[in-house]
Amino acid sequence: MTRFFQQFLNFEKIRILKDRFAEKSLFVFMLIFGLALFLIILVLFLRTHPIHTMMTLPNLLFSTVWKPSKGLFGFLPFIAGSLWVTGVAMAIAIPICLLTSLYLVEYAPAKLRELISPLIDILAGIPSVVYGIWGVLAIVPFIKNYLAPLFGISSTGYSIAAGGIVLAIMVFPVIIHISVEILKAVPKDMKDASLALGATKWQTIKHVVMKRAMPGIVAAIVLALSRAFGETIAVLMVVGNVARIPKSLFDPAYPLPALIANNYGEMLSIPMYDSALLFAALLLLLVVLYFNIISRMILSGSKWSSYYYG
Amino acid sequence: MDKRSLEENFFKFLMIASTALIVAVLSMILLTIIIKGLPHLSWAMFTQTPKTCYYLGKEGGILNSILGSLYLTGGATILAFLLSLPITLYLNVYAKKGSKLAYFTRFTFDVLWGIPSIVYGAFGFTLMLVLGLKCSLLAGMLTVAFLILPIMTRSMDEVIRMVPQPLMDASYALGATRFETAFKVVVRQSLPGISTAVLIAFGRGIGDAASLIFTAGFTDSLPTSLFSPVATLPLTIFFQFSSPIPAVQGRAYAAALILTIIILSISIISRLMTKKFTRHIVR
Amino acid sequence: MESKGHIKVENLSVFYGKDQALKDISVKIPNKKITVIIGPSGCGKTTLLKSFNRLLDPSDNIKVTGQVLVDGEDIYGPNVEVTRIRKKMGLLSQKPYPLPMSIYDNIAYGPRLHGERNKHKLDRIVEHFLKTASLWEEVKAKLHSPASHLSVGQQQRLCLARGLAVGPEIILGDEPTSALDPKSSQHIEKRFLELKQQYTIIIVTHILRQAKRLADYVLFLYMGRLIEHGPADDIFEDPQEEITKEYIRGIIS
């Protein structure tokens, strides 16, 4: 029965060669795409070079004058717009998401939890154009007719507040998804120990669960922050797109991603414009990169590393 | 009632309120799209391309963008799959445990995942200039492939990593090479997860607009060549929605409904597939 | 041929990072006998078994010094094709791991890898080895249904048949009955006693009674050292070392 195997020595060699070849080529393959990040940064950086010959970096970042046709590219209004919108979104999303995650993990009956988790997935799947449309149909009129008058301000509704609310909803699934995983990973023994000492459930959550889960939750928030910072279409549709530094929540703003998306048409007709827009893209990329790295560091450095890196 | 339980009840109330708020918001979004979109949905939308004066409210459909989106995202998904499967297999079968390089690659893909799609769009556009490519199906495909590559790779990686080491050892013990083990055992074992990863990536790609603004262009005709511009659903929605004419806006709602339905069905299919494909799986 | 299936270990040490799992082990495994490796848990039994077919290889951070000679060839030598070494040995793990394919394909997997394409030959191989593992009667009607649908006991016999189908001379068993119910365990043990006519069998077990039932030759490991080895009767009836006595009398386990 064993004899026929021995005729295949040659065959054996081919198999092993195949394996070696696969190993080498897959390695090269992986290396190329592992380096993709640096490639993107490098390409964008090289293409933004022309604008640096015209304006200094602080000038680009802190000037408020945006007159592309005169060759003046001050990014401050856009940076401010991005910061405002992201800030508002996080201020809304963080408490709501934390409360929801805690409810889902600690209090909600299992049936309800199973019902809600696919709903959160649906929320994550809705395309951003659809969020944008909904924002225009629901949030913008709401701000124009109810929220702004409440503060005695008249607003068109296309505002930071609108952008912030839409963005907040868009990052709900990001925060909830990770927070739930993190909260679930808090050992039951730890909670039992606290309960056994006479703490109420809420005290246990406040002092034990939250403390233990904090790094993971911070990471989730930072991740959501970077997602919000780069979101384009939905924000662009509701935020008004006026290149001025906003003064209140009900002012329009013009975040960086919207700037890039709105001006693709003129990009090549005005000198330096493409370089300026790619500078905006690079800026966006570096900020998001920074947030991402921080968040992954927290996740991989803490006990949650197993969740991400096995 | 003492202070402790007062506080607990207060927060419990807030928690329930937040959860209810999220569910309410989701239902509102879906309801808005359905109520606004359903009346404008017609058979013509699926069967016709935009006719003359379509954007002034005359007849026609959006077959061009439905097909365009499917072609573009389908192509991008296939491309991304051809890249991410080998990468994931390398990470899990060839790379040594605790390898610095594997850690670094995973980290990079996580970060790539977080990069906004508008940046991919800008990057794709820059590459197009370098390569001398115009706005086209091909350019859009490449950009979206780049966009969904990290999503697909990391989701696949999470699944393939779950393949038990003893199962791989069993294959090695029969004299299989790592290559054979990777493609005959590891891939089969994680097939449901792999297909879910592919579908997730497809869903993400088909809904994305920002990466396509610069790269795919727009056209009223059906996609015919890799090198001509192509219409896509998200951009169709975006452009028609900015129109002042109600009939055109109405079509934007209908198109949004179509896109949402496509994406939701993909997520449902992927759930069902997970159930169906587990026949051979060893747990 | 006397040297066939002959495993000889010389000065074998294995390190996991800084921990030394096996300390300077030298032993000759007798042919066509059942050799049982016993010892308390964590003493390196499984590590020793895995070192025989280089399954220690894939995981990083492992250092192996010394030699394992299979048919006179050092399998940790520089130019050794590991697939060829592994083909000489069938492995049964603690828990059966059927490959994610049908019963038929599980058995045919190995022969196909090694180049057998002929459908009739494959059919014969599948039938023959399923019979050898005494599984044929139970599965002959459902050869093409998923192997994962079998009971755990049947799966372990499937894994035995699968291992035999690549034509090994040696069978390695890593506590092969630990996940099985008593009836299935008995089934597997019976197969081993039959198979030792043709194969050299090495089994790791922590069940002393099972060792006594099966063993012709015994290795006793303790804390990574090979304390004592010899024919089963000698070791069980008249152990030389104090620690072996204590283990066999059940004082340490």
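The values are calculated or read from the model by the stated rules, or taken from the named source; none is laboratory data. Source: prediction; values computed, not measured. Neighbour counts are summed over all protein chains in view; Cβ atoms, including those assigned to glycine, are modelled from backbone coordinates with ideal geometry. In case anyone asks, the SASA skips ligands and DNA or RNA and just uses the protein heavy atoms, side chains included. Shrake-Rupley method; radii C 1.70, N 1.55, O 1.52, S 1.80 Å.
For the pair B and C, the buried accessible area comes to roughly 2400 Å² in total, with a 1.4 Å probe and the value rounded to the nearest 100. The mean number of Cβ atoms from other chains found within 10 Å of a Cβ in peptide A:36-43 is 4, as a whole number. Have a look at A:LEU147, B:MET45, B:LEU89 and report the one farthest towards the positive end of the charge dipole of the protein assembly as shown, computed about the Cα centre with Cβ charges (Lys/Arg +1, Asp/Glu -1). It is B:MET45.
Taking all protein chains in place and a 1.4 Å probe, what share, in percent, of the accessible surface of the stretch B:46-280 do carbon and sulfur account for? Intermediate results must be reported in sequence, preceding the final value.
Working: 5900 of 8230 Å².
Within the stretch B:46-280, the accessible surface is 72 percent carbon and sulfur.
In chain C, the longest principal axis of the Cα atoms and the axis of helix C:119-132 are about 50 degrees apart. Rounded to the nearest 0.05, what FRET efficiency do A:ALA36 and C:GLU194 have when you use their Cβ-Cβ distance and R0 = 56 Å? Efficiency computed from Cβ-Cβ geometry: 0.45. In straight-distance terms, cross-link reach from A:LYS247 covers every one of the lysines whose alpha-carbon lies under 24 Å from its own, apart from those fewer than eight places away in the same chain; here that gives A:LYS67, A:LYS144. Using a Gaussian network model of chain A in which every pair of alpha carbons under 10 angstrom is joined by a spring, one finds that among A:VAL287, A:VAL238, A:VAL174 the greatest mean-square fluctuation is at A:VAL287. Once you sort the root eigenvalues of the Cα gyration tensor of the protein assembly as shown as a ≥ b ≥ c, which label holds: rounded (a/c under 1.5), prolate (a/b larger than b/c) or oblate (the other case)? Cα axes put the protein assembly as shown in the prolate bin.
Accessible surface of C:ASP71, taken over heavy atoms with a 1.4 Å probe and every protein chain present, rounds to 50 Å². What does the charge add up to near C:GLU242, with Lys and Arg as +1, Asp and Glu as -1, over the other residues with Cβ less than 14 Å from its Cβ? Around C:GLU242, the surrounding residues sum to -1.
Summing Cβ point charges (Lys, Arg +1; Asp, Glu -1) relative to the Cα centre of the stretch B:14-162 gives a dipole of roughly 240 debye.
The stretch C:170-236 and the stretch A:232-297 have Cα centres lying 70 Å from one another. For C:HIS128 and C:LYS142, the difference between the fully extended length at 0.36 nm per residue and the C-alpha to C-alpha distance is 3.4 nm. Helices of chain A meeting both criteria, an alpha-carbon length of 20 angstrom or more along the long axis and an average Kyte-Doolittle score not below 0.0, with helices taken as full DSSP H segments, are A:9-34, A:76-102, A:110-125, A:160-184, A:210-230, A:273-301.
Here the accessible area of chain A is 68 percent carbon and sulfur, with a 1.4 angstrom probe and all protein chains present. Round to the nearest 10 and give me the degree value, 0 to 90, for the angle of helix B:117-131's Cα axis relative to the longest principal axis of chain B. Relative to chain B, helix B:117-131 is tipped by roughly 90 degrees. In this structure B:PHE179 has an accessible area near 60 Å², from a 1.4 Å probe over the protein heavy atoms.
Residue pairs exceeding 28 angstrom between C-alpha atoms, taken from B:LYS184/C:LYS8; A:LYS18/C:LYS142; C:LYS140/C:LYS196; C:LYS45/C:LYS119; A:LYS111/A:LYS201; B:LYS184/C:LYS142: B:LYS184/C:LYS8; A:LYS18/C:LYS142; C:LYS45/C:LYS119. The listed residues C:HIS149, B:HIS40 rank as C:HIS149, B:HIS40 when sorted by accessible area, largest first, using a 1.4 Å probe. With a cut-off of 14 Å between beta carbons, the residues surrounding C:GLN186 carry a summed charge of +3, where Lys and Arg count +1 and Asp and Glu -1.
Heavy-atom accessible area, probed at 1.4 angstrom with all protein chains present, ranks A:TRP202, B:TRP113, C:TRP136 as B:TRP113, C:TRP136, A:TRP202, highest first.
The B and A chains share an interface that buries close to 7500 Å² of accessible area, total over both sides, probe 1.4 Å. Projected label points at C:HIS206 and A:LEU57, each 7 Å from Cα along the beta carbon direction, are separated by 6.0 nanometres. I need the shape label for the stretch B:204-269. Rule: rounded when a/c is under 1.5, else prolate if a/b > b/c, else oblate, with a, b, c from the alpha carbon gyration tensor. It comes out oblate by the Cα gyration axes. Running a GNM on chain A with Cα contacts under 10 Å, which residue among A:GLY87, A:GLY164, A:GLY198 ends up with the highest mean-square fluctuation? It is A:GLY198.
Remark: the stretch C:121-243 carries 43 Å² of accessible area per residue (probe radius 1.4 Å; ligands, DNA and RNA excluded).
This model, with +1 at the C-beta of Lys and Arg and -1 at the C-beta of Asp and Glu, gives the protein assembly as shown a dipole about its Cα centre of some 700 debye. Across peptide B:264-271, the average count of Cβ atoms from other chains found within 10 Å of a residue's Cβ is 2. If R0 is 45 Å, the Cβ-Cβ spacing of B:TYR103 and A:ALA193 corresponds to a FRET efficiency of close to 0.85. For chain B, the longest principal axis of the Cα atoms and the long axis of helix B:100-114 meet at an angle of about 20 degrees. The apolar share of the surface of chain C, taken as the fraction of accessible area on carbon and sulfur atoms (1.4 Å probe, ligands and nucleic acids excluded), comes to 47 percent. When all protein chains stay in place and ligands, DNA and RNA are ignored, the 1.4 Å accessible-area order of A:ILE293, A:ILE133, largest first, is A:ILE293, A:ILE133.
Give the residue from C:ILE34, C:GLN186, B:ALA256 lying farthest towards the positive end of the charge dipole for the protein assembly as shown; charges sit on Cβ (+1 for Lys and Arg, -1 for Asp and Glu) and the dipole is referred to the Cα centre. Of the listed residues, the answer is B:ALA256.
Across chain C, Cα pairs under 8 Å and at least six residues apart give a relative contact order of 29 percent. Looking at the square roots a ≥ b ≥ c of the eigenvalues of the Cα gyration tensor of chain A, which shape do they give, rounded for a/c under 1.5, prolate if a/b is larger than b/c, or oblate? Cα axes put chain A in the oblate bin. All other residues whose Cβ lies under 14 angstrom from that of A:PRO173 are scored, Lys and Arg at +1 and Asp and Glu at -1, for a net of -1. Relative to the Cα centre, the charge distribution of chain B, modelled as +1 at Lys and Arg Cβ and -1 at Asp and Glu Cβ, gives a dipole magnitude of about 600 debye. Among beta bridges from DSSP that stay inside chain C, the antiparallel ones total about 60%.
Note on chain A: dipole from Cβ charges, positive end direction compared against A:GLY34, A:MET190, A:LEU282; the farthest Cα belongs to A:MET190. Given a 1.4 Å probe and the protein chains as shown, C:HIS144 ends up with an accessible area of around 120 Å².
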